[in-house]
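J.: Below are the structure tokens for one structure; questions will follow.
None of the figures in this text is laboratory data; all of them are computed from the coordinates on show. Everything quoted here is computed from the prediction, not taken from an experiment. Heads up, the Cβs are rebuilt from the backbone with ideal geometry, glycines too, and the neighbour counts pull from every protein chain shown.
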Amino acid sequence: MANADNWQGEVLRTLRDDGSTPGQEPPVDSPVGSPVGSPVGTPTDTPVAVPPPHPDQQHAPRPGVRPHPVTPPPPHTPDSRPVLDPSLAAAAHRPRHGEHLASRAVRILRRTVSSSAAREVAETTAIAETLQRPVTTGRQIAVTSIRGGAGKSTVTALLGMAYAHYRQDPVLLVEADPALGSLPSRLGAESVRWTTGDLAGIVEPQMSLLDVTGYLVQLPGNAWLLPGSQGQIGTMLDTKAYERVMVSLRRYFGVTVVDCETLPAEVARVALAAAQARVLTAPATLEGITSTHAVLQWMRGLPRHMITGTVVALTELVPHSGIDLDKAAQRLTETGASVRALPYDRHLAAGGPIRTERLAHATREAAAALAADAFRLSQQRR
Ligand SMILES: Nc1ncnc2c1ncn2[C@@H]1O[C@H](COP(=O)(O)OP(=O)(O)OP(=O)(O)O)[C@@H](O)[C@H]1O
Ligand SMILES: [Mg+2]
């Protein structure tokens with residue numbers, strides 16, 4: 001990993017040199033639900049559901065179904081590739097539940113006899129209200145970390161699932177980490193065809209939501225995935241392609257969550273600056289907390305909204321990590337960022353597709369609260 005001072009200096013240079021002020025969003029030419037783009041809900045509109053997918057949705061571009069005279073055909077149509085090799089997928093055991101049976105029983109008993117149940121309901125209601133708030137322009141949330149394996153793809157998937165569950169407007173999950181990323185597998189996608197890099201060369205302002213979703217993988221709810229690669233080594237994504245995709249797609253989706261590479265990768269730095277809110281995933285280890293604290297300290301030197309629009313997902317990647325999460329959170333919060341702890345979950349630890357009904361109760365609550373935090377922060381920016 002790069003020395004902290006080096007990458008910080010480099011980020012600053014990039015943020016200054018790329019023609020945009022740090023934290024300044026790319027230009028947005030029309031709000032969510034604009035006539036050109038899509039039938040997406042606005043505060044005054046009733047959100048309109050996305051049309052059902054064409055049976056061949058993930059296997060051929062939509063323009064073939066509904067041709068648009070000015071949409072240029074893609075240079076070539078890639079083959080659809082399975083996300084998991086069937087022979088390797090057979091090695092997986094049945095998905096585990098996030099918590100032990102005994103823990104579940106104790107929790108249910110506590111809830112029935114204690115007064116905390118009412119408080120829990122009130123908190124859940126407040127979170128649901130936040131997550132359902134309408135937007136006028138699409139909100140983009142970047143998820144990154146200073147260390148690899150810190151839980152970025154897992155958190156991106158959890159956030160996307162939470163938004164798709166609560167929101168009526170379309171939700172997009174973008175994989176901006178082309179190096180054998182795990183987001184498609186986490187989301188249970190069976191096959192992928194078009195990638196973020198491909199779409200950069202295809203997307204045109206006059207395309208409709210129907211055209212655009214023809215290049216995406218449909219997920220449960222009103223959610224869509226744009227994979228970073230077809231699982232090969234060596235796929236590249238440059239900042240220009242990333243910016244083009246993000247600027248073009250913003251009007252179609254109420255919320256977009258981006259699974260970025262580990263910092264200080266260039267696309268991740270651009271994504272941090274361009275997003276309306278940021279999630280930094282940090283393993284709940286001494287090293288994870290220390291390096292994340294260093295990043296947050298550096299962010300304090302940038303325009304204030306960069307740090308105040310950031311939430312740290314402090315993730316327990318092992319059971320009983322031995323870290324005092326409250327103390328760690330307090331230390332990180334002193335920088336001006338928010339912090340949300342994500343507990344160890346056996347179902348998440350096992351890898352593979354995330355099934356929300358298998359998550360521990362505490363994980364589901366923490367993920368929804370994290371989604372609400374990030375969404376609330378994203379609403380504070382244009
Ligand atoms: N809350 C959790 N409880 C238990 N294990 C977790 C949790 N969150 C993530 N993990 C595990 O941690 C590992 C790393 O997670 P993930 O792949 O999401 O990280 P990443 O930052 O995207 O990694 P990369 O840098 O390789 O892209 C995975 O094995 C995942 O199953
Ligand atoms: Mg990842």
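J.: May I ask you to list the trypsin sites (Lys or Arg not before Pro) in segment 267-302 that are in a DSSP loop and have at most 16 other Cβ atoms within 10 Å of their Cβ?
T.: Values: sites: ARG269, ARG278, ARG300; in loops: ARG300.
The qualifying sites are ARG300.
J.: Compute the distance from the alpha-carbon center of segment 282-360 to that of segment 132-152, in whole Å.
T.: 14 Å
J.: With a 10 Å Cβ neighbour count serving as the proxy for reagent exposure, in which order, fewest first, do SER153, SER116 appear? Show your work: numbers first, answer last.
T.: Numbers: SER153 24, SER116 11.
Fewest to most other Cβ atoms nearby, the residues stand as SER116, SER153.
J.: Hey, rough spin-label estimate for GLN379 and ALA117, points 7 angstrom out along Cα→Cβ, what's it come to in nanometres?
T.: 3.0 nm
J.: Got a sec? How would TRP194, TRP224 order by Cβ neighbour count within 10 Å, fewest to most?
T.: Values: TRP194 21, TRP224 26.
Ordered from fewest to most neighbouring Cβ atoms within 10 Å, TRP194, TRP224 come out as TRP194, TRP224.
J.: Enumerate the calculated ³J(HN,Hα) couplings along segment 319-335 in order (Karplus 6.51 cos²θ - 1.76 cosθ + 1.60, θ = phi - 60°), each rounded to whole Hz, writing x wherever the residue is Gly or Pro.
T.: 3J(HN,Hα) across segment 319-335, in whole Hz: x, 6, 5, x, 9, 7, 4, 5, 5, 4, 5, 4, 4, 6, 5, 4, 7.
J.: Something else: What ranking of ASP85, ASP198 emerges when the number of other C-beta atoms within 10 Å of each C-beta is taken as an exposure proxy, fewest first? Let's see the in-between values first.
T.: On the way: ASP85 11, ASP198 23.
Least to most surrounded, the residues fall as ASP85, ASP198.
J.: Can I ask one more? Where in segment 190-227 does the amide nitrogen come within less than 16 Å of the point 7 Å from the Cα of LYS240, taken along Cα to Cβ?
T.: 197-203
J.: Also, quick follow-up: Karplus couplings for segment 286-298 from phi (6.51 cos²θ - 1.76 cosθ + 1.60, θ = phi - 60°), rounded to Hz, Gly and Pro as x?
T.: 4, 5, x, 5, 5, 5, 5, 4, 5, 5, 5, 4, 5
J.: Another question about this same structure. If you put +1 on each Lys and Arg Cβ and -1 on each Asp and Glu Cβ, how big is the dipole of segment 276-333 around its Cα centre, in Debye rounded to 20?
T.: 320 debye
J.: Now for a different question. Go through segment 311-372 and name the GluC sites (Glu not before Pro) that are in a DSSP coil and have 15 or fewer other Cβ atoms within 10 Å of their Cβ.
T.: Working: sites: GLU316, GLU334, GLU357, GLU365; in loops: GLU316, GLU334.
Answer in residue order: GLU334.
J.: Under 5 Å between amide H atoms, partner at least 5 residues away or on a different chain: which partners does ALA277 have, H built in plane at 1.01 Å?
T.: GLN140, ALA142
J.: Computed FRET efficiency, Cβ-Cβ of VAL106 and GLU287, R0 41 Å: what is it to the nearest 0.05?
T.: Working: r = 33 Å, r/R0 = 0.79.
Given R0 = 41 Å and the Cβ-Cβ separation, E is 0.80.
J.: Taking the Cα centre of segment 168-315 as the origin and placing charges on Cβ (Lys, Arg +1; Asp, Glu -1), which of GLY309, TYR215, LEU286 is farthest toward the positive end of the dipole?
T.: Among GLY309, TYR215, LEU286, the one farthest towards the positive end of the dipole of segment 168-315 is GLY309.
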